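This report concerns only the one structure given below.
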Amino acid sequence: MNQSSQDQTMAAVAVEGGKGPAEALKPVQIPRPTPGEGQILIRVRAAGVNRPDIAQRQGFYPPPPGAPDTLGLEVAGEVIEPAGRWKAGDLVCALLGGGGYAEYAVCDARHALPLPRGLDAVQAAGLPETVFTVFANVFEHGGLKAGETLLVHGATSGIGVTAIQMGKAAGARVIATARGAAKAEQARQVGADVAVDSTAEDFADAALREGGVDVVLDMVGAPYFDQNLKALKTGGRIVYIAAQGGGTVELSIGRLMQKRAAITGSTLRPRSADEKARLAAEVERRVWPWIEAGQVRPYIDRTFPLAEAAAAHAHLESGAHLGKVVLLT
């Protein structure tokens, strides 16, 4: 480059006032980032929109130290300044600590993965945050194995459709819950063996009719806790990735002991760079072949121009989506 990246600007999205409703997202011009040692600079073609972005916009999920204030945890695009295994011109998708809602983003070279064969940048932009989250929680913390049964809540969310497909690809049986008959039908179309309309039926009773479940992936929290425990087989595991309905529960230790159950959970963003690199390598080794074989595919509900990030957040918050919402730069 003839001019340093710091002397150049780029289009991005900022939260007016630091936090606020979707309408607080405004297009801005900010300095283009300069990659540090071991980092790559990506010309962003598409950026995934996720629930943690909404939480950050609302002031509840601040970026970790050293991460950009700009929203955006996953992108796909072209490597402009290379490092590590990557060369200029490589097409990648990447997990970020922040900064994805912009024309350019930097990331640790170890946190980028090649675009899976057959996918374009829009599709690939919807992979990193969801695939890393599902793999870490369902397969590592939850220990899901072939022949077991996985219960997935929020079946039509980006996490939900990914978890359903990854569970099936791994040889598990999948029960999914969704709010409303139409969304339950969508969950079946995505691949769930059993889909439960949680507004019309007790999902724990439905799960028990199927023999119970080994692993629960939950982002609802307190309102579903008792039913999750009820649905578990002996030795089952409940894994939390969010608590959208409330984060405080009252636990009967006796029931926990009787079930020999394990309750765990995690977040992705605050993990160390080395831990994310380890996770990226595992995802590439185990999940990328499923994607390239067509067993797991991104469902892109809608795309929005970067400047219309406010509309993208409003759409995600409405709950009307199936799969991912993506910004185009």
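Summary of values
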quantity	calculated
Additional length obtainable on full extension of the chain from ALA24 to GLU140, 0.36 nm per residue less Cα span	38.1 nm
Nearest-ten-degree value, helix 181-190 long axis tilted from longest Cα axis of the chain	70 degrees
Estimated dipole of the chain in Debye, rounded to 20 [Cβ of Lys and Arg +1, of Asp and Glu -1, Cα centre]	620 debye
Taking HIS321, HIS111 and counting other C-beta atoms within 10 Å, the order from fewest to most	HIS321, HIS111
Residue order, fewest to most surrounding Cβ atoms within 10 angstrom, among LEU127, LEU41	LEU41, LEU127
Taking ASP53, ASP214, ASP120, ASP301 and counting other C-beta atoms within 10 Å, the order from fewest to most	ASP120, ASP301, ASP214, ASP53
Nearest-0.05 FRET efficiency for THR34 and ILE253, computed from C-beta distance (R0 45 Å)	0.30
Cα-based Lys pair tally, the chain, threshold under 20 Å, eight or more apart or on separate chains	9
Within the stretch 243-324, GluC sites (Glu not before Pro) in DSSP loop having at most 15 other beta-carbon neighbours inside 10 Å	GLU250
Cα shape, the chain, gyration tensor, a/c 1.5 rule	prolate
Sparsely packed trypsin sites (Lys or Arg not before Pro) within the stretch 1-74, loop by DSSP, other Cβ within 10 Å at most 14	LYS19
Rounded to whole Hz, the Karplus (6.51, -1.76, 1.60) HN-Hα couplings of the stretch 157-162, x for glycine and proline	6, x, 5, x, 5, 5
Size of electric dipole in the stretch 186-277: Cβ of Lys, Arg +1 and of Asp, Glu -1, about Cα centre, debye, nearest 20	320 debye
Helix axis angle, 273-286 relative to the chain longest principal axis, alpha carbon, degrees	70 degrees
Tensor-based shape of the stretch 132-265 (alpha-carbon gyration tensor, a/c under 1.5 rounded, otherwise prolate or oblate)	rounded
DSSP beta bridge pairing in the chain, given as percent antiparallel to the nearest 5	55 percent
Sequence-distant residues sharing a close amide H with LEU41 (under 5 Å, placed H)	ILE80, GLU81
Within the stretch 59-80, backbone nitrogen closer than 17 Å to the virtual label 7 Å beyond the Cα of SER266 toward Cβ	none
Over the chain: helical MRE at 222 nm, DSSP H runs n ≥ 4 each giving -39500 (n - 2.57), nearest 500	-7500 deg cm²/dmol
Contact order normalised by residue count of the chain, Cα under 8 Å, 6+ apart, percent	18 percent
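Quick note: the coordinates plus some simple rules give every number you see, no bench work behind them. Just so it is clear, the structure is predicted and the values come from calculations on it, not from any experiment. In this analysis, Cβ positions are derived from the backbone assuming ideal geometry, glycine residues included, and neighbour counts consider all displayed protein chains.
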